[in-house]
Structures are given as structure tokens and as C-alpha cells.
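Enquirer: One structure, pasted below without further comment.
The values are calculated or read from the model by the stated rules, or taken from the named source; none is laboratory data. Please read these numbers as outputs of a predicted model, since none were measured by experiment. Ideal geometry is used to build each Cβ from the backbone, glycine not excepted, and the neighbour counts take in all protein chains shown.
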Amino acid sequence: MPRQNGPTLRERRVHPPWGLWWIQGRRLVRIEVRRNLFSWKAGWIYVLAFTPTLILAIHAGMDARSARDIEGDTEVLARIVQLFYLRLAIFFGCLGIFSRLIRGEMIERSLHFFLLSPVRREVLLLAKFVAGSISALLLFESAIVADFALLYLPFGGMAWTYILNGPGLGQLAAYLGVAALACLGYGSVFLLLSMIFRNPTPAAMVFLLWETINPVLPSLLQKLSIASYLRHLMPVAIAPEGFFALLTVETEPTAAWTATLGLLLLILAVLVYACFRMRTLEIRYTTE
């Protein structure tokens, strides 16, 4: 019999076409990033990300700043990142971005075009995750940098001393790292939820409740939460106030590398399971 053209199934298993997967994934990422960032449907995510920036821009330069105010503004920035971005903006922003990657295309009845194309489903899923992560990072990281600049630059020379010779630059790097991990963590969870549920919003609200009550849970259960890992990475701690402070369960401080590694392993586990679900994903437009 004449030899068939192209690699056989056994040859493909022994020598996976990494180059082809890389080219396909890169092109899919470009397509998805454009759809995520330059679509009118993403307008509310821009508003969510840059609302603190707009407020800080209004207040910038209104009053003279003293060196003593830098400490107060440092706490203000910590509260903006921890209470607004991590608990609200990044959570709902990632819900909007990542739930559209799979479930949104099912509703629009366009996902089957990707599934019928000669692209491995795992490559398709990971490319969508990378595209969603890039979109979320560009929005929220740039917003945090803008907030940092608007808070400190009105101090003039004192700001540069605090940033370059003090803890300012390190705090900014920590906030950007925490925001990046939050985007990856919440994005992976919402991508998986959009594959499991036809409407991932109720499940996301249950997840939000779990993240909110995490500090009052036993230390063992706190490890099953993204918020617990992020809390140990914050450069400026904010103590709980009011009745909630009485219920907070104090845990032993965790090293930054341990918290980062634990969160990355959690993200990896979610993506591995999502790839498994993607391989068995079936589309029934009559029930969507």
C-alpha cells in the first residue's frame, strides 16, 4: 500500500504539533482580545475599572498636600484596591469578560464555528482564557497605575522621594501582582462556571458570598478561597471594623511565595478540569 501523506495518529501522539497549536492559539487570542476590548458590550467594564480614577482626578490638586497626608493617601489606595477592586470591580469585571468567552458564544450561536474548525478544543479554551486575562489585566492594571499616580503626584517632590526611596514603588508592584492574580483566579473560575451552567450568574453570586465570608471561616476552609491567598499578599493591611471584626478568624501569616504558589496551583487545577469539560462539551441550541 502506498504511504499516506501527512503524519499518522501515532506520530502525532509522539510528536505533538506544538508549532501549529502556538500559531492557532496566538491568532485566537488576537481575535478574542479585540472582541473583549473594542466592543460596546464592554463599556460597563471600563466604567467599573476607572470610576475611582475619575473620582481621584476630580480631587487631585484641589488642596495643598503635606508630608503627613502621604500616610493617609497610602491607606486610601489600600482601601481602593482591597475593598473596591478585589471585592467588586475585578470580580464582576471578570464575570462579564470570561462568562462571554464560552457561554456568550453559545447564546450568540457562534461557538460551533470554532468547534468545527481544525483546532483542538484545549487550544481553543486556553486561547480564550489567555485573551480574557489580557483584557482584564489591561483594564484593571492601567486603572490601578492611574489611581496611584493621581494620589501621589500632587505631592510633587515628596511623592518622588516616597516612591523611589520609600515603600511606594514596592507597594505599587504588589498591588499590580495581586490584581493580576485576582484576574487569573476569578477568570478561571468564571470560565469554568460558564461551561457548567447555562446562567453562571447565580453560581457566581454564591461564590461571591463564599469570598465575602471567608475571613470568618475556619482556617482550613479559608484555603479554599481566592480571597484568602490575595489577603496575604497585600502590602498594606486593612483591619476589619465593626461587628465583622469580632467574627474574623485570625490565621498564621503566610509567606508571599507560598500564597502565590497556592493560588497558581488552584488556577491550574481549575483550568485542567475546564479542559476536560471542553473535550466533552456539546451544544444544543434548542435548549440554550
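Enquirer: Kindly check whether there is at least one residue in the range 169-177 that is surrounded by 14 or more Cβ atoms within 10 Å (Cβ to Cβ) and in contact with a Gly (Cβ under 8 Å, 6 or more places away or on another chain). Quick ask: steps written out before the conclusion?
Expert: Taking the range 169-177 as the starting set, the residues that turn out to be surrounded by 14 or more Cβ atoms within 10 Å (Cβ to Cβ) are 171-172, 174-177.
The next check asks that each one be in contact with a Gly (Cβ under 8 Å, 6 or more places away or on another chain); those that pass are none.
Checked the range 169-177: no residue is surrounded by 14 or more Cβ atoms within 10 Å (Cβ to Cβ) and in contact with a Gly (Cβ under 8 Å, 6 or more places away or on another chain).
Conditions (1) outside any helix (DSSP H, G or I); (2) in contact with a helix residue (DSSP H, G or I) (Cβ under 9 Å, 6 or more places away or on another chain); (3) aromatic (Phe, Trp, Tyr); (4) modelled with pLDDT under 85, marked per residue:
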position: PRO215; (1), (2), (3), (4): no, yes, no, yes
position: LEU220; (1), (2), (3), (4): no, no, no, yes
position: SER228; (1), (2), (3), (4): no, yes, no, yes
position: ALA239; (1), (2), (3), (4): yes, yes, no, yes
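Enquirer: What about LEU126, is it surrounded by fewer than 19 Cβ atoms within 10 Å (Cβ to Cβ) and in contact with a helix residue (DSSP H, G or I) (Cβ under 9 Å, 6 or more places away or on another chain)?
Expert: Against the criterion (surrounded by fewer than 19 Cβ atoms within 10 Å (Cβ to Cβ) and in contact with a helix residue (DSSP H, G or I) (Cβ under 9 Å, 6 or more places away or on another chain)), LEU126 does not qualify.
Enquirer: Please find, within the range 29-67, the residue that is modelled with the lowest pLDDT out of those that are closer than 17 Å to LEU150 by Cβ and not in a helix (DSSP H, G or I).
Expert: Once the filter is applied, the top-ranked residue is ALA64.
One line per residue, one yes/no per condition, for (1) closer than 19 Å to ALA49 by Cα; (2) modelled with pLDDT under 95; (3) in contact with a Cys (Cβ under 8 Å, 6 or more places away or on another chain):
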residue	(1), (2), (3)
PHE129	no, no, no
LEU137	yes, no, yes
PHE140	yes, no, yes
ALA143	yes, no, no
GLY156	no, yes, no
TYR162	no, yes, no
GLY166	no, yes, no
ILE196	no, yes, no
MET205	no, yes, no
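Enquirer: May I pose another question? List the pairs whose first member sits in the range 110-136 and is assigned to a helix (DSSP H, G or I), whose second member is among the polar types (S, T, N, Q), and whose Cβ atoms are under 8 Å apart, counting only residues at least 6 apart or on separate chains?
Expert: VAL123/GLN24; ALA127/GLN24; PHE129/SER188; ALA131/ASN36; GLY132/ASN36; SER135/ASN36
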